[in-house]
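Okay, so here's the structure we're looking at.
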Amino acid sequence: MKPKVVVFDLGKVLLGFDYRIASRRIAERGRLDADAVQRFFEQSPLLNHYESGQITRQEFFDAVRRETGFDGTLEEFGAFFADIFWPIEPMVALHGDLRAAGLPTYIFSNTNDLAIEHINRNFPFMQDFEAHVLSYEVRAMKPAAKIYEVLEQVSGCRGAEVLYLDDRPENVEAGAARGWQVILHTTPEASWARVRELGLVNHP
């Protein structure tokens, strides 16, 4: 069946990102070098706690400051930490074509409030979704069932009515287990081809 709604992961599907950009900026204002800051973000559970809503922005900042010696304000940290994204233009265009075809679309992302505030300010396409289902607001991260249940509640759709694009296999598998139609996003070309196969867009 043709899906009734299309659900997009955000990072590495619609937006590229690189935390090393933030690590370099934070290192310039602290006692650790950029590689050590990057290892901290990769190995500490802190970011997961922040993105799952277990700690606040202030608590996240305070913990990073203690670990790295960052000497700036929360506002400065937020600017460094969040400005790491760029648009994946073919996927932004795919979203635009789906909207033009009348399909409701949703953002479905593991993320945090600093990132989302920056993204909403800088990427106008973010306003063209029916809703954003975000891990820090739901207090659950993909692939946990709770956040998928929220997406179904918000969209009013379930099973094969949902088409879901994500770059992480475990997240796609959790959607498929609920009967969603899924696309494991690898390249814009492959995702475009699959959406065309489903008859949702007609042109190359």
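A compact table of results
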read-out: Count of the range 5-53 residues which are farther than 27 Å from A140 by Cβ, part of a helix (DSSP H, G or I), of a type in the set (A, V, I, L, M, F, W, C) and free of Cβ contacts under 8 Å to residues at least 40 places away in the same chain; value: 3
read-out: Filter result for F41 (closer than 26 Å to G179 by Cβ and in contact with a Leu (Cβ under 8 Å, 6 or more places away or on another chain)); value: no
read-out: Given (1) outside any helix (DSSP H, G or I); (2) open to solvent by 10 Å² or more (accessible area, probe 1.4 Å); (3) under 25 Å from I21 (Cα atoms), index of the condition Y136 fails; value: (1)
read-out: Residue selected from the range 155-204 under the condition charged (D, E, K, R) and more than 15 Å from Y106 (Cβ to Cβ), by the criterion least open to solvent (accessible area, probe 1.4 Å); value: D167
read-out: From D71, D97, residue being more than 24 Å from E197 (Cα to Cα) and acidic (D, E); value: D71
read-out: Positions within the range 54-87 being of a type outside the set (A, V, I, L, M, F, W, C), open to solvent by less than 30 Å² (accessible area, probe 1.4 Å) and part of a helix (DSSP H, G or I), in sequence order; value: T68, G78
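The values are calculated or read from the model by the stated rules, or taken from the named source; none is laboratory data. Bear in mind that the values here come from a model prediction, so they are computed numbers and not experimental data. Cβ: placed from backbone, ideal geometry, glycine included. Neighbour counts: every protein chain shown. Each accessible area value is taken on the protein alone, full model and side chains, heavy atoms only, with ligands, DNA and RNA left out. Shrake-Rupley method; radii C 1.70, N 1.55, O 1.52, S 1.80 Å.
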